[in-house]
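The numbers here are math on the coordinates, done by the rules we state, and not lab data. As the structure is a prediction and not an experimental result, all values here were calculated from the model. A quick note on method: Cβ atoms are made from the backbone with ideal geometry, for glycine too, and the neighbour counts reach across all protein chains shown.
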Amino acid sequence: MVRLFGPFVGLFFAVALLWSFGNGAYVAITEPAAPTAEHEFHKHPKDVHFASDGAFGRFDKEQLQRGFLVYKEVCSACHSLKHVAFRDLQQLGYSEAEVKAIAKQWGTKQPTFDPKTGDRGERDNLPADHFPMVYYAGQGSPPDLSLITKARHGGGAYVDSLLTGYQDQPAELLKKFPDAKTPEGLHYNPYFANLNLAMPAPLTGDGQVTYSDGTPATVDQMSKDVSAFLIWTAEPKLDKRKQTGWAVLGFLLAATVLAYLSKKQVWSNVGGH
């Protein structure tokens with residue numbers, strides 16, 4: 001009995017699925033969704049070039065050090081790097097002694113807990129420690145930036161566009177969508193998904209940090225430098241991965257040529273018999 005009615009049950013569900021799909025497509029065509037401010041005024045990331053872009057790109061260590069300085073002086077008060085250890089900074093060109101000093105002088109300490117007494121405390125950071133979490137009592141933790149360039153469409157270009165994209169709401173937006181006025185306490189940024197975000201512009205003007213290499217610390221320069229640094233935090237082994245990739249491709253190419261020549265040699269006399 002089950003075998004008799006089984007095909008009809010399957011046919012019923014197939015027809016129901018096709019009808020639902022067709023009805024949804026018809027409604028989407030005949031009754032398109034009303035336009036929204038987010039859909040019309042949201043911008044895609046700007047076209048920004050970084051030294052690490054492309055198959056031959058490599059990190060610019062001087063830029064990464066400048067970006068780390070921007071993160072340290074501007075961003076670290078609100079955003080953590082929980083997937084990055086202090087000793088990883090040696091990859092940027094810092095010496096072991098410099099890394100120890102950076103870890104020890106970092107504003108946020110490492111939490112400690114004594115299971116025997118139940119006491120909690122703090123200690124200085126060590127090079128082996130990861131950057132400590134930033135936490136606001138009653139508000140939780142702002143987004144961690146370790147993998148932000150992997151988690152957002154556009155990667156480093158998105159971060160750079162967001163940091164430099166703060167502006168007043170366009171008059172055209174308010175005219176077309178009067179109810180879309182930026183709420184009190186939020187800030188308009190067309191590169192953010194819903195146009196308004198709680199974080200105020202972190203880069204407020206030129207000279208906010210002082211670069212040791214003499215590079216002018218303009219808002220645009222600081223934004224690109226910290227974006228490049230966050231590309232590195234998301235994939236610190238990018239340079240090595242590219243080097244390995246080219247070596248593997250060279251090996252595969254050589255192996256392919258050898259395999260083809262071997263095939264020609266082995267089968268060279270087959271056609272004559």
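The Cα trace of the range 133-220 gives Rg and Dmax of 15.7, 48 Å, the first to one decimal, the second as a whole number. With +1 assigned to the C-beta of every Lys and Arg and -1 to the C-beta of every Asp and Glu, and no other charges, what is the dipole magnitude of the range 176-273 about the Cα centre in debye, to the nearest 20? For the range 176-273, the charge dipole is close to 800 debye. Note on Thr108 and His44: with the Förster distance fixed at 30 Å, the Cβ-Cβ geometry gives a FRET efficiency of about 0.30.
Counting other Cβ atoms within 10 Å of each Cβ, which chymotrypsin sites (Phe, Trp or Tyr not before Pro) in the range 9-88 have at most 14 and sit in a DSSP loop? Don't skip to the end; give the middle numbers.
Numbers: sites: Phe12, Phe13, Trp19, Phe21, Tyr26, Phe41, Phe50, Phe56, Phe59, Phe68, Tyr71, Phe86; in loops: Phe50, Phe56, Phe59.
The qualifying sites are Phe56.
A Förster radius of 22 Å, combined with the Cβ-Cβ distance separating Gln90 from Lys150, puts the computed FRET efficiency at roughly 0.50. Here Trp246 and Ala201 are evaluated by their C-beta separation; at R0 = 41 Å the FRET efficiency comes out at 0.50. Full extension of the chain segment joining Leu126 with Ser141 gains 3.2 nm, where the gain is 0.36 nm per residue of separation less the Cα-Cα distance. Multiplying the residue separation of Asp60 and Ala25 by 0.36 nm and subtracting their alpha-carbon distance yields 7.7 nm.
For the pair Phe8 and Val270, the difference between a 0.36 nm per residue extended length and the Cα-Cα distance amounts to 88.5 nm. Compactness ratio for the chain: Cα radius of gyration over 2.2 N^0.38 Å (N = residue count) comes to 1.50. Legend: residue pairs Lys100/Lys224; Lys46/Lys150; Lys82/Lys104; Lys61/Lys224; Lys46/Lys240, Cα-Cα distance threshold 22 Å; pairs beyond threshold, Lys100/Lys224; Lys46/Lys240.
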